[in-house]
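Before any comments, here is the structure.
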Amino acid sequence: MNMETIDRQERAAAVEATFNVLVEAGAGTGKTSLLINRVMHAIDRHVPLSRMLLITFMEKAADEMRSRLQARLLALGEGADHQDAVERAVESAAITTIHGFCYRILQEFGPDYGIPIGFQVLDEVEAARLWEETFQEWVQDSQFSPKVLDLLHAGITYPQLKSWARRISHWREVPVVEGEFPELASFVRRFAAEARAFYTRALEDAAPDDAGRGQILAIAREFDWLEQVDRREWPRMLALWTRGLGPKGNQKNWAHPEWLKEQKQWLKELKEALGLLRQQMADAYLKMWLDLVGSQFMPLWRRARFEKLALTYDDLLIEAERITREPKVQAALSRRFSLVMVDEFQDTDPLQAAIVRRLVTPPGSTALSPHDQGRLFLVGDPKQSIYRFRGADVETYAAMRQELSTTGGRIIPIWQNFRSNAAILAFVNRWFSDRWPSQPDLERPYVPPFQPLAETFPDDGRERVRVIQWPQARNARDTRRMEALDIAERVAMAVAEGWPVRTKDGQRPLTFRDIALVVPQRTEIDIYRQALRERGIPVSTQSGRSFFQQDEVRGMAHLFRALEMPQDSLAVVGWLLSPWVAMSHEELLQHRRLGGSWDYRETRVGSPEVREWMARLNAWHREFWRVDAEDVIIRALHASPLVTVLREREDKAALANLDKLRSLARDLGDRWTIFEFTQWLYEQVHEGVPFEEAPVAQDDDAVAISTVHQAKGLEWPLVIVANWKPKETYLESGIHYNSRLGRAALKQDPWQSRDWDLLEADHRLREEAEGDRLLYVALTRAKDYLWFYAAFLDPIGEGEKGVSIGDPS
Ligand SMILES: Nc1ncnc2c1ncn2[C@@H]1O[C@H](COP(=O)(O)OP(=O)(O)OP(=O)(O)O)[C@@H](O)[C@H]1O
């Protein structure tokens, strides 16, 4: 039997299964059709649509399911009554995202369990505003101050504490951690006494110019100083004491060389003790803040939302999970659905998985049972799990996979790919067989197993895959520019030559709309957009959730900050370099060479261009306290050439974002002072808070520029994967919680708590694995042609048929 036949049999087995099923489906294997077939089969067996629940990852996918299901159901009968019945059934069917489903649960059962009747879901801005107000209220509350003073004394700033609190507010639980503040007095007493004793000895014993003698003198003085200052300064002073501790001195200069040896040994001890102290203090601060936020702020924040009859997006899941633990609710829901289907199960987080489990398990349990079969139908591809940043965890998938298969259910793999040409699949198969194991790796559950995809469309000898790799330019920006120019050139050529693309019943020439440029993130996406435009190629960019990462928005955050704080030279420089002013580094350097400063209150010297802007900033600064946030933006719009430039470039996305920023300023400015707005904007930008960009009308016939996340589930005849840099894998400083490890950690120079390295190592492994999955999603979007620009990756060998390692054109 050939692979294609087996695949077909597996699909049939999945659709007809009377046991629990997890369909492990590769890319392009037609998961949507499979789900629809499962629904149709159940209907055929007299299960009404109203007893089915179909959970999709995105709203768009739910709509797609609905319309395809409607078409299939309509085809089963005729007449207006049939049509009416089908439309009504599909309309009221539970085909929804997990958040949509949780919303329904809360509406129906919530009021009995503390959820306000008629609650609303806050949008991001409203939620941020309410959070901000609640935090302010808490800060002003007297309970807040005493312990926080300790943290502030330790050198942790108010904005840092606030951003940690904001992060904790998104956690599903606030963990209890261990952390006893170390006894500093006895530490100082002991080491000060010892330092003095060593110093006295060194005075007698060592030559005056010996480095060891000088060193112990400095250390003894440091202890003298410590004993004199306010003890609240100790934590920071001790934590910052990292220099001058490397053992020095030469035994030849000592009458008793063994005394120097002892001194060096003691220094090692001191250094280690200081390191331990620093870590213990960090643990204690972490505990202090988690306890404070967990016990005081979180209840206040919950009350603030509930009093306003409002829930956040996070609440929908958290509260629904809480309520489905109630036996009455669980029983009602599990009676209601005789078939629970989940698409994209690989992107499920532990909370979502718990909710899904409760729908198919007896009250009080979340464990699948061998006696309760045929009600769970999951579809997933662990190789396409790319939502780690939102809490998705492939291990949740792996755990469910394991449990399902040991409780009487079956894992059904399908691998027939209906999307990509054989040459593309050969490349993808080779690439990932080299990187991924063929069976689940129990040691590394975050690395997905890989089975080659089987082709449907044979290789015809045309060049289908191009891997373009040339030496990197002198910096990343130039490398990207080189890629972008090459892409523009080749796209223009491919369309002009009318490369054939496959259609249902033949082929047609390639057009711009058949092409997508797929990038891992939006960093420097502009370089590509501009190169294509310069070559006369229409481009459409899907709007994403990186509103606050857009250059024009970041620039505005710099302006507000600079106007509030003239001494913040980073903000001033940030503004001058932003597209609003668009000065070059050379121009700024010139200003410095001429003696200019970054304090706009001093405008006497420097380059004329910079001084002109400095004078303007100074004038705006003086009025800052009495204008509205929107006024600031209006002034900037008048003074800056940005809008004209964007219009010339036809950058509709950026123009729409400017409008959005202005209307945000108007709305929020009505309720907040300009200082609150400044603080808010600055934090959103600095913390990279995800936020919807303004939607833009798209050109019909344009090359799409899309992130991998936006490209998920889509396909194009020609896919160009570019700007492919290995993922950044360090853990950003601040506070983190790893629920799988059950550990929290903190890093804020000089503080680093005990478990930081553990969390970072774990994060790194998983981010690297996610980087590979991201590439898998990107490469498998291509139907007819795939170009892979890999300048940032390790050298790739020549080989596979149809693959050419290209040169720049
Ligand atoms: N049974 C089938 N026979 C032929 N073509 C199919 C079949 N099912 C789906 N297709 C086509 O295969 C392509 C991939 O289908 P679909 O997008 O549903 O796959 P998928 O499994 O969701 O892929 P991915 O996970 O990679 O997004 C589409 O062009 C679709 O029209």
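In the chain, helical runs assigned H by DSSP with n ≥ 4 each contribute -39500 (n - 2.57); averaged across all residues and rounded to the nearest 500, the mean residue ellipticity at 222 nm is -16500 deg cm²/dmol. Roughly how far apart, in whole Å, are the Cα centres of the stretch 628-676 and the stretch 51-90? The stretch 628-676 and the stretch 51-90 have Cα centres separated by 43 Å. Amide H contacts under 5 Å for ALA454: GLN416, ASN417, restricted to partners 5 or more places along the chain or on a different chain, H placed in the peptide plane at 1.01 Å from N.
In terms of the mean number of neighbouring beta-carbon atoms within 10 Å, the peptides 338-344, 311-317 order highest first as 338-344, 311-317. Model label points for GLU715 and LEU765, set 7 angstrom from Cα along the Cα-to-Cβ axis, are 3.5 nm apart. Distances between placed amide hydrogens fall under 5 Å for GLN752 paired with ALA282, all partners being 5 or more residues away or on another chain.
Would you mind putting 764-772, 587-595 in packing order, based on average other-beta-carbon counts within 10 Å, highest first? If you can, show how the numbers build up before the last one.
On the way: 764-772: 17.6, 587-595: 14.4.
In decreasing order of mean packing, 764-772, 587-595 become 764-772, 587-595.
With Cα atoms as the point set, the stretch 65-134 shows a radius of gyration and Dmax of 18.5, 58 Å. The fraction of all Cα pairs in the stretch 604-646 landing in successive 5 Å bins from 0 to the largest distance is 5, 20, 24, 22, 17, 10, 2, given as whole percents. For the pair LEU74 and GLU173, the difference between a 0.36 nm per residue extended length and the Cα-Cα distance amounts to 31.0 nm. Per-residue surface analysis assigns SER753 an accessible area of about 0 Å², computed on protein heavy atoms at 1.4 Å probe radius. Accessible area of PHE675 (1.4 Å probe, protein heavy atoms only, ligands and nucleic acids ignored): about 90 Å².
Hey, which lysines would be in cross-link range of LYS660, C-alpha to C-alpha under 23 Å, not counting anything within fewer than 8 residues on its own chain? In chain and number order, the partners are LYS652. For the stretch 482-555 versus the stretch 132-183, the spacing of their alpha-carbon centroids is 45 Å. Direction-averaged projected area, Cα convex hull, the stretch 654-809: 15.0 nm², rounded to one decimal. Rounded to the nearest Hz, the phi-derived 3J(HN,Hα) couplings of the stretch 151-166 under the Karplus curve 6.51 cos²θ - 1.76 cosθ + 1.60 (θ = phi - 60°) are 5, 5, 4, 6, x, 7, 8, 4, x, 5, 4, 5, 5, 5, 4, 5, where x marks glycine and proline.
Using C-alpha positions alone, give me the convex hull volume of the stretch 332-430 per residue in cubic angstrom. It would help to have the intermediate numbers written out before the result.
Values: hull volume 12.1 nm³, N = 99.
Taking only Cα atoms, the stretch 332-430 has a hull volume of 123 Å³ per residue.
In this calculation the C-beta distance from ASP112 to THR157 is compared with R0 = 45 Å, giving a FRET efficiency of 0.55. Label separation (ARG462 vs ASP150): 7.0 nm, computed from points 7 Å beyond Cα along the C-beta direction.
Output the Kirkwood hydrodynamic radius of the stretch 345-395, Cα pairs only, in Å rounded to one decimal. Don't skip to the end; give the middle numbers.
Details: mean 1/r = 0.0837 Å⁻¹.
For the stretch 345-395, inverting the mean 1/r across all distinct Cα pairs yields 11.9 Å.
Can you check what the Kirkwood hydrodynamic radius comes to for the stretch 547-686, Cα pairs only, in Å to one decimal? Write down the numbers at each step before the final one.
Values: mean 1/r = 0.0658 Å⁻¹.
Its Kirkwood hydrodynamic radius stands at 15.2 Å.
Built from the Cα atoms of the stretch 497-568, the convex hull projects on average onto 7.4 nm², one quarter of its surface area. Relative to the dominant Cα principal axis of the chain, helix 211-228 is inclined by about 80°. Here the chain carries DSSP beta bridges of which approximately 20% are antiparallel, counting only pairs with both residues inside. Our compactness index for the stretch 704-758, the C-alpha radius of gyration over the empirical 2.2 N^0.38 Å, is 1.78. Under 5 Å between amide hydrogens, built in the peptide plane, is the criterion, and for THR707 it picks out VAL519 among residues at least 5 positions away or on other chains. Looking at the stretch 547-686, the accessible area is 48 square angstrom per residue; that uses a 1.4 Å probe and ignores ligands, DNA and RNA.
Please enumerate, by chain and number, the aspartates and glutamates with C-alpha under 13 Å from the C-alpha of LYS727, excluding those fewer than 8 residues away in the same chain. Cα-Cα hits under 13 Å: GLU767, GLU768, GLU770, ASP772.
Can you give me the relative contact order of the stretch 122-308 as a percent, contacts being Cα pairs under 8 Å and 6 or more apart?
Details: 133 pairs, mean separation 64.6, N = 187.
Computed over the stretch 122-308, the figure is 35 percent.
For the stretch 462-585, the alpha carbon convex hull comes to 140 Å³ per residue, rounded to a whole number. Spacing of the modelled spin labels on THR511 and LYS261, each 7 Å from Cα toward Cβ, amounts to 8.6 nm.
May I ask for the distance between the Cα centers of the stretch 232-276 and the stretch 324-367, given as a whole number of Å? Value for the Cα centre distance between the two parts: 59 Å.
If each residue of separation counts as 0.36 nm, what is the full-extension length gain between GLU124 and GLN296 once their alpha-carbon separation is subtracted?
On the way: separation 172, 0.36 × 172 = 61.92 nm, distance 2.31 nm.
Full-extension gain reported as 59.6 nm.
Taking N as the number of residues in the chain, what value does Rg over Cα atoms divided by 2.2 N^0.38 Å take?
Numbers: Rg = 31.1 Å, N = 809, 2.2 N^0.38 = 28.0 Å.
The chain yields a ratio of 1.11.
Annotation: Cα Rg of the stretch 161-245 relative to the compact-globule expectation 2.2 N^0.38 Å equals 1.62. P(r) for the stretch 632-679, from all Cα pairs and a bin width of 10 Å, is 24, 47, 24, 5 %, short bins first.
Extents of the stretch 122-308, taken as max minus min of Cα coordinates on every principal axis and listed largest first, are 78, 28, 25 Å. The aspartates and glutamates whose alpha-carbon is closer than 16 Å to the alpha-carbon of LYS261, local same-chain residues fewer than 8 away aside, are GLU194, GLU204, ASP205, ASP210, GLU269.
What translational diffusion coefficient, to the nearest whole µm²/s, does the stretch 258-389 have by Stokes-Einstein, given a Kirkwood radius computed over alpha-carbon pairs, a temperature of 25 °C and 0.890 mPa s viscosity?
Roughly 125 µm²/s, to the nearest whole number.
The values are calculated or read from the model by the stated rules, or taken from the named source; none is laboratory data. Values in this document were obtained by computation on a predicted structure and should not be read as measured data. Quick reminder, even Gly has a Cβ in these numbers, built from the backbone with ideal geometry, and neighbours come from all protein chains shown. The accessibility values were calculated without ligands, DNA or RNA, using every heavy atom of the protein model including side chains. Shrake-Rupley method; radii C 1.70, N 1.55, O 1.52, S 1.80 Å.
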